[in-house]
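Comments concern the structure below.
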Amino acid sequence: MRPNKSFLLTLIYDARYRSITFQVLLLLSIIFGIWWVVDNTVTNLAAQNKGVGFGFLTQTSGFQISPTLGTWLFGYEVGKSSYLEVYYIGIVNTFIVAFFGIFAATILGFTLGIMRLSQNFIFRAFSTVYIEIGRNVPLLVQLFFWYFAVLRTLPSRREKVELIPDVMGINITGLYIPRAMPEEGFSLTLYAFLIACGITWFTSRWAKKRQQRTGQIFPMFWAGVGILLGLPLVVFLVTGSPLTWEYPVFAETGPLLKRGYQAGAGVLVIPEMLAVWFALSIYTAAFIAEIVRAGIVAVPKGQTEASSALGIKKNYALRLVIIPQAMRIIIPPLTSQYLNLTKNSSLAVAIAYPELVSVFAGTALNQVGREIEMIFMTMAVYLTFSIVTAIFMNWFNARVKLVER
Amino acid sequence: MKKFTTALVGIAGIALASNAMADGHGGSTLKQVQDKGFIQCGVSQGLPGFSNADDSGNWAGLDVDLCRAVAAAVFGDASKVKYSPLSAKQRFTALSSGEVDILSRNTTWTMTRDTQLGLNFAGVNYYDGQGMMVPKALGATSATQLDGANICTNTGTTTELNITDYFRQNGMSFNLVAFEKADEVVAAYDAGRCDVYTTDRSGLAAQRGKLTNPDAHVVLPEIISKEPLGPVVRQGDDQWFNIVRWSLNAMINAEEMGISSANVGDMMSSDNPAVKRLLGTEGKFGEELGISNDWAMNIISQVGNYGESYEKHVGENTPLKLARGVNALWSNGGILYAAPIR
């Protein structure tokens, strides 16, 4: 260090302090930047005579929402329910479509990914065509396609297509399925299921230990299915089958507007939800298929050869050697696909599915006009969903990760 | 080091941008508009007759004419307008954030919007009411027969609230399917998703042409709400508010006085003091607004009076075929009544 340099230059040129200097500067500019934005926002809001506050959440909402899981769960009623309930309804509807979307996209994606590596030409070609179309057509276009394809193919409101006669039917107003009506004593069956889960878990631990000790393989899959289905079924029958089904009701006669499926009987799945679910699953599955294929291809061929050299049967080799190694490669990008799917569900606003962006950051925002608070609340929901998904997937990733010994 | 510089530049950029935004709210809108040389006008994403772009991207309609009138008043040139198509959901945020200078987008004047959104309604350029359209095959002749109907509409509008109120009042059940854009509402209604399509009656008239078979549908007689549609400006800039309000008043007054784009040249030499005040040959009404005295003359010669604009875009000879009805002048049995220029 040269003594004639000034103090400030020392902070920049001296390797001992340089990194600290720049970090402090960066921190200061970030603080300044945030302060600037917040200050401007407050000034601008004041100039428009608008305050900041969450008082609007207790006001009652004056608009109708399509019957969905959210409205049913919170017993939504116009003029009685508050904007806070509208918020919850939005969250539930976003969650449900993301949940089922992830479920379907995973199954479809894994199937297609494996199909793409198949020896069978038809399977391989189908999968390739699917993936290229699915990945390369924008999601919004697919959303419109499915929505209007669904609408145009379904019969009108006064007609029906019975999927299972008198039990399950569909027309343009939606899919009608029976509603389970638990009676007294049904909770015992649920407890039995929980106990069965516990037993299965302990059995599988025991089976694994025994296999490590003695090399004997226990048919865990079938045993698990037996316990999980058998125990609740026995309890269910013993308690006198305390569950009835409420079936959809279809009126053929009466005033024209009253014909068709009757509101309140059975469960209604609106076509908007079906379209969103189809589009999200089909779109994301294309990406997942590629991730799965990449994961499997990335496992060195030597692993397959080594397995067969050891005399491991082909399907065991796939399940016990190839897939576990492929999973390590698949899981991190799979997580981003799950996060994408959840966030993409906000496009559903375009086709009238009442999810969070549609009912809360849309209709409710327009009635109340609290943009900053409401967008902030909406962002918080997506952030929470994403973080929870990421934490779960990281935990899962840590489990399947290569354990170095 | 490189990362750090990038970050710093980024932050500086954000700071500058937010500073610019803050400036956007201070100062007079008129000054800003004059500096940039055009008016940014928020319009609909395509509502024939009110604000609709043709194949070559030229906007036309009753709402568009209002923005053109303001441009004529401010610049003496009605073409100095740029248009921002906005969804119902975006419109107020776009106005209050300074993205547009005027919102002229078939927007209903309600108390909540006037008092809670930091906005001001500068007048009414179309008195509308919400109506309902149903397929003729439904056989309904009145809205009171619609118990249990599925109803398609737009999200983020007063129509959602009105239809909910109407059905609650009449003790009828219904199911609302609310889309973000009008095109999807029409498509879903056309596909049979809903028994009823509800929006302002002017909107029903405009959108009807997009249906596969427009004649197979009928608009029910009930008008279930008052929908005074008008231009909106930001609260807190009275000068700009006055310019927009009086541009509209000038168009209505011109019709009342019989001044049109065809005869405005002759009228310049009129002896009628009211005409002279309107056309700026007497008094300094324009200067009081901060613009030139021939402001109203420019509006009339370039855009026309209210009646001309109405007939051209939504009147009997257009596909919308909307009769003047309540939108006729007060002297002709309507409720259109502009304050005098004096």
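As an exercise: evaluate B:Asn249 against (1) within 30 Å of B:Glu180 (Cβ to Cβ); (2) within 16 Å of the chain's Cα centre (by Cα); (3) among the polar types (S, T, N, Q); (4) surrounded by fewer than 23 Cβ atoms within 10 Å (Cβ to Cβ) and give the number of the one condition it does not meet.
(1)
Within the set of pairs 6 or more residues apart or between chains, which connect a residue that is modelled with pLDDT under 90 inside segment B:206-219 to a residue that is in a loop (DSSP other than H, G, I, E, B) and surrounded by fewer than 17 Cβ atoms within 10 Å (Cβ to Cβ) with Cβ atoms less than 6 Å apart?
Sorted first by the residue in segment B:206-219, then by its partner, the pairs are B:Gly209/B:Pro319.
Restricting attention to segment B:162-220, which residues are of a type in the set (Gly, Ala, Ser) and closer than 17 Å to A:Arg152 by Cα?
B:Ala187, B:Ala188, B:Ala191, B:Gly192
So which of A:Gln337, A:Gln367 is within 11 Å of another protein chain (Cβ to nearest Cβ) and within 26 Å of A:Tyr147 (Cβ to Cβ)?
Going through A:Gln337, A:Gln367 in turn, the sole match is A:Gln367.
Among the residues of segment A:340-359, how many are in contact with a Ser or Thr (Cβ under 6 Å, 6 or more places away or on another chain) and either surrounded by fewer than 21 Cβ atoms within 10 Å (Cβ to Cβ) or within 14 Å of chain B (Cβ to nearest Cβ) (or both)? Working first, answer last.
To start, the set of residues in segment A:340-359 that are in contact with a Ser or Thr (Cβ under 6 Å, 6 or more places away or on another chain) comprises A:341, A:345, A:349, A:354-357.
Still in the running and either surrounded by fewer than 21 Cβ atoms within 10 Å (Cβ to Cβ) or within 14 Å of chain B (Cβ to nearest Cβ) (or both): A:349, A:354-357.
Selection size over segment A:340-359: 5.
Of the conditions (1) at the interface with chain A (Cβ under 10 Å from one of its Cβ atoms); (2) surrounded by fewer than 22 Cβ atoms within 10 Å (Cβ to Cβ), B:Ile163 fails just one. Which one is it?
(2)
Is at least one residue of segment A:222-241 under 30 Å from A:Asp166 (Cβ atoms), hydroxyl-bearing (Ser, Thr, Tyr) and surrounded by 15 or more Cβ atoms within 10 Å (Cβ to Cβ)?
yes
Restricting to segment B:221-244, what's the tally of residues that are within 13 Å of chain A (Cβ to nearest Cβ) and not charged (D, E, K, R)?
Total meeting the criteria: 5.
Considering B:Ala187, B:Ala205, which residue is part of a helix (DSSP H, G or I), more than 7 Å from every other protein chain (Cβ to nearest Cβ), buried (at least 20 other Cβ atoms within 10 Å of the Cβ) and touching a Lys or Arg at 6+ places or on another chain (Cβ under 9 Å)?
Result of the check over B:Ala187, B:Ala205: B:Ala205.
Is segment B:111-123 home to any residue that is hydrophobic (A, V, I, L, M, F, W, C), touching a helix residue (DSSP H, G or I) at 6+ places or on another chain (Cβ under 8 Å) and modelled with pLDDT of 95 or more?
yes
Return the residues of segment A:65-80 that are closer than 19 Å to B:Thr164 by Cα and more than 12 Å from chain B (Cβ to nearest Cβ); say none if nothing qualifies.
Across segment A:65-80, the qualifying residues are A:Gly70, A:Trp72, A:Phe74, A:Gly75.
For segment A:19-64, which positions are facing chain B (nearest Cβ under 7 Å), under 35 Å from the mean Cα position of the chain (by Cα) and closer than 30 Å to A:Val359 by Cα?
A:Val37, A:Gly62, A:Phe63, A:Gln64
Scan segment A:204-237 for residues that are of a type in the set (Gly, Ala, Ser) and outside any helix (DSSP H, G or I) and report the count.
Here the count works out to 1.
Pairs only if they're at least six apart or on different chains, beta carbon under 9 angstrom, first in segment A:296-323 and without any contact (Cβ under 8 Å) to a residue 40 or more places away in the chain, second assigned to a loop (DSSP other than H, G, I, E, B) and surrounded by 13 or more Cβ atoms within 10 Å (Cβ to Cβ); list them, first residue then second.
A:Ala306/A:Ile312; A:Leu320/A:Ile312; A:Val321/A:Val299; A:Val321/A:Ile312; A:Ile322/A:Val299; A:Ile323/A:Val299
Taking into account only those residues within segment A:266-289 that are more than 14 Å from every other protein chain (Cβ to nearest Cβ) and not in a helix (DSSP H, G or I), which is modelled with the lowest pLDDT?
Checked segment A:266-289; the qualifying residue modelled with the lowest pLDDT is A:Gly266.
Might you check whether a residue that is under 19 Å from A:Val78 (Cα atoms) and more than 19 Å from the chain's Cα centre (by Cα) occurs anywhere in segment B:215-224?
So in segment B:215-224, the residues under 19 Å from A:Val78 (Cα atoms) come out as B:224.
When the remaining residues are screened for being more than 19 Å from the chain's Cα centre (by Cα), the result is B:224.
Yes, that holds for at least one residue.
The values are calculated or read from the model by the stated rules, or taken from the named source; none is laboratory data. For clarity, every value in this text was computed on a predicted model and none was experimentally measured. All Cβ positions, even for glycine, are placed from backbone atoms using ideal geometry, and neighbour counts span all protein chains on display.
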